[in-house]
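The values are calculated or read from the model by the stated rules, or taken from the named source; none is laboratory data. All figures in this text were calculated on a predicted structure; none of them were measured in a lab. Reconstructed Cβ throughout: ideal geometry from the backbone, glycine too, with neighbour counts over all protein chains shown. Surface accessibility is based on the protein's heavy atoms, side chains included, excluding ligands, DNA and RNA. Shrake-Rupley method; radii C 1.70, N 1.55, O 1.52, S 1.80 Å.
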Amino acid sequence: MEPRIPDGSWCVFSTPVTGTRKGRILLIQLQTTTDPETNARYTVKRCESTTTQPTPTTPWRHLQITLQPLNRTYQPIILTADDEGEVTVIAEFMQRL
């Protein structure tokens, strides 16, 4: 997550994460895949999403979740609605120490 979080930084995270996650930097656990850059099941990325519009009979739902690194040299992790159970939000990044 450079340049905002340099490698080796100690960070403060907050849990639980409530409300919208859109635009927040999150610590995320991937259930069955790994981050392609680190090959780890945990990653820190900014969360972006596209959702459906709710109707009186159906709630909103995710169409796509993009886990976006701040460092442009890395690729985002893109998940579809079918992958929604693949992601567990652990905590929100608050600050670097």
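Note on the chain: GNM, Cα springs under 10 Å; of Arg24, Arg41, Arg61, the largest mean-square fluctuation is that of Arg61. Under 16 Å from a label point set 7 Å out along the Cα-to-Cβ vector of Arg41, the amide N atoms of the range 53-97 belong to 85-91. Within the chain, the chymotrypsin sites (Phe, Trp or Tyr not before Pro) that combine a DSSP coil assignment with at most 15 other C-beta atoms in a 10 angstrom radius are Trp10, Trp60. The three principal axes of the C-alpha atoms in the chain carry coordinate ranges of 48, 25, 22 Å, sorted with the longest axis first. Inter-label distance, Thr52 to Leu70: 3.5 nm, where each label sits 7 Å from its Cα along the C-beta direction. Summed over the residues of the range 55-97 and divided among them, the accessible surface reaches 68 Å² per residue at a probe radius of 1.4 Å. Computed from label points 7 Å out along Cα-Cβ, the spacing between Leu63 and Gln29 is 3.1 nm.
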